[in-house]
Amino acid sequence: MLIELDLPAFCVVSPLFEALRIHLAIDSVMNGATPARLFTDDATSPNCALIWYGHRILLAGDPDHQSSSAAAADFIASVVIPHELGRGNHWLSLYYEPDQWAESIEHDLLPGKSCHRALRQYYACDTRLPDTVDAFSEVPAGMSLQRVDAKLVGNHALINLDTLKEEMCSERPSVDNFLARSFGVCLIQNSELIGWCLSEYNSADRCEIGIETREPFQRRGLGTLMTRAMVQIARSASIREVGWHCWASNVASGKTALKAGFHHVCNYQSHLIRIKE
């Protein structure tokens, strides 16, 4: 069986996650900024460990260690899946290292579940490079580009405000916690929030970003505009590197990252698990 570690003991399993450090969620969890639960097979000499946050699992260690793999399988089946189903989630996302976990996931950890291997991409932007465009001066007529702050989230006349708040709480426990620890920008047209770009997993001098442009306003360069504005804000906040994760199949997302000044770092494997048939 797996045992749960409390925050001071996270350092015990930290080396197992070294190859997964492109996921800034690891640092954010380990410094206590992102709520998550951490489990391992052995609190003194771990062979495997997993970080469980929301509907996501980061899995690391030795997939060939039979008892560890079996313990992970039992934990996911008996604890994670019932909990996520109770929250109304029908999918789990698994990210792992090394790649040998893939076979174990499909045949041992989640037998009988619908598993879909999905290639993901990671991009990064070094904010120490100079700006070539001031995003805030490039806003189309009739729109405004605004910081996500207490005044904005207090404006209940804004259309799609509840959706924005939900996104702010996707990796933060509350809107207030987001405002204290993260930052973001949004585009507004006629009192409607038509897109936003938010920082995620802020940790020391790094952060990642999540972005959404409402469907009627897509394919107009607005995502690139918001991302460039976020990089400007990140630079002023002494953020050195901004990360961007997307599905490899989402070609438009990768192109937006490149247009906004990011560079492709690597591809990595993941599994999408359908937990409710």
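Read the figures in this text as sums done on the coordinates, not as results from a lab. Just so it is clear, the model here is predicted, and its values are computed rather than measured. Note: ideal-geometry Cβ built from the backbone for every residue, glycine included; neighbour counts use all protein chains shown.
Per residue of the stretch 34-49, in order, report the coupling 6.51 cos²θ - 1.76 cosθ + 1.60 (Karplus, θ = phi - 60°) as ³J(HN,Hα) in whole Hz, putting x for Gly and Pro.
10, x, 6, 10, 10, 10, 8, 7, 8, 6, 10, 9, x, 9, 8, 7
How would 143, 230 line up from fewest to most surrounding beta-carbon atoms within 10 angstrom?
Fewest to most other Cβ atoms nearby, the residues stand as 143, 230.
With contacts defined as alpha carbon pairs under 8 Å and 6 or more residues apart, what's the relative contact order of the chain in percent? Numbers along the way, then the final one.
On the way: 484 pairs, mean separation 65.3, N = 277.
Worked out over the chain, it gives 24 percent.
Between 259, 151, 113, which gets the highest mean-square fluctuation from a Gaussian network model of the chain, Cα cutoff 10 Å?
Comparing 259, 151, 113 in the GNM, the peak value goes to 151.
In percent, what relative contact order does the stretch 124-267 have, based on Cα pairs under 8 Å that are 6 or more apart in sequence? Walk me through the numbers before you get to the answer.
Details: 209 pairs, mean separation 41.5, N = 144.
Result for the stretch 124-267 is 29 percent.
Taking the chain as a Gaussian network, where each spring joins two C-alpha atoms under 10 Å apart, which residue of 136, 39, 262 fluctuates the most?
So, out of 136, 39, 262, the one fluctuating most is 136.
What are the residues whose amide H is under 5 Å from the amide H of residue 265, where those residues sit 5 or more places off or on another chain and H is modelled from the backbone?
Amide H to amide H, under 5 Å and 5 or more residues apart or across chains, residue 265 pairs with 122, 123, 124.
Taking the number of other C-beta atoms within 10 Å as the exposure measure, put 138, 171 in order starting with the fewest.
By the 10 Å Cβ count, ascending, the order reads 138, 171.
For 228, 235, 21, what ranking results if the residue with the fewest other Cβ atoms within 10 Å of its Cβ goes first?
Lowest count first: 21, 235, 228.
What is the Cα coordinate range of the stretch 3-112 on the first, second and third principal axes, sorted by size from largest, in whole angstrom?
That gives 35, 32, 25 Å along the principal axes, largest extent first.
If one puts a single equal scatterer on every Cα of the chain and applies the Debye formula without solvent, what log₁₀ I(q)/I(0) results at q = 0.17 Å⁻¹?
-1.38
Could you give the distance between the Cα centres of the stretch 79-136 and the stretch 1-19, to the whole Å?
19
Counting helices only, and only those DSSP H runs with n ≥ 4, report the 222 nm mean residue ellipticity of the chain as the sum of -39,500 (n - 2.57) divided by its residues, in deg cm²/dmol to the nearest 500. Please report the intermediate quantities before stating the final value.
On the way: 9 runs with 69 residues, N = 277.
Calculated at 222 nm, the ellipticity per residue is -6500 deg cm²/dmol.
Explain nothing, just the number: relative contact order of the stretch 195-277, from Cα pairs under 8 Å at least 6 residues apart, as a whole percent.
Relative contact order, the stretch 195-277: 27 percent.
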